[in-house]
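Below is one structure, written out as structure tokens; the observations come after it.
The values are calculated or read from the model by the stated rules, or taken from the named source; none is laboratory data. Given the structure is predicted, the values throughout are model-derived calculations rather than measurements. Cβ placement follows ideal geometry from the backbone for every residue including glycine, while neighbour counts extend to all protein chains displayed. Just the protein is used for accessible areas: all its heavy atoms, side chains included, with ligands, DNA and RNA removed. Shrake-Rupley method; radii C 1.70, N 1.55, O 1.52, S 1.80 Å.
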Amino acid sequence: MQKNFNRIFMSAVVAIAFTSCTVISPVAVSRAELGENQGFSETISVLGIELNGNYGVKEAAENGFIESAIGAIDEKVTSYVLFSKKKLIVTAK
């Protein structure tokens with residue numbers, strides 16, 4: 001009986017630890033034209049502390065080789081129990 005309970009409990013703990021939720025939300029939109037050029041900046045946040053000090057619009061634009069005006073900025077956040085992954089997406093023409 002105790003063995004079965006331990007197995008069920010550990011299975012539940014593992015399932016909860018790997019449960020995630022992903023949300024993509026707009027951060028900003030400008031009057032600049034949208035195109036197919038995209039740049040990304042990614043970080044991991046552990047208990048609210050971001051591990052990539054360069055995370056932001058500037059890094060995303062540099063990674064996407066974007067030199068023109070940015071048309072839109074979106075952020076994709078995937079949340080787990082103890083940490084979250086963030087991805088900033090900039091789009092330009």
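If you check ILE16 against the conditions, is it assigned to a helix (DSSP H, G or I), open to solvent by 70 Å² or more (accessible area, probe 1.4 Å), touching a residue at least 24 places away in the same chain (Cβ under 8 Å) and not small (Gly, Ala, Ser)?
So ILE16 passes the test.
Of all the strands (runs of 3 or more DSSP E) wholly in the stretch 29-93, which have at least 2 residues that are of a type in the set (S, T, N, Q) and open to solvent by 60 Å² or more (accessible area, probe 1.4 Å)?
The strands (runs of 3 or more DSSP E) meeting that bar are 37-46.
Which of the following residues is closer than 14 Å to ILE24 by Cα, in contact with a helix residue (DSSP H, G or I) (Cβ under 6 Å, 6 or more places away or on another chain) and of a type in the set (Val, Ile, Thr): VAL81, VAL90?
On the way: VAL81 fails: closer than 14 Å to ILE24 by Cα.
After ruling out the rest, the residue left standing is VAL90.
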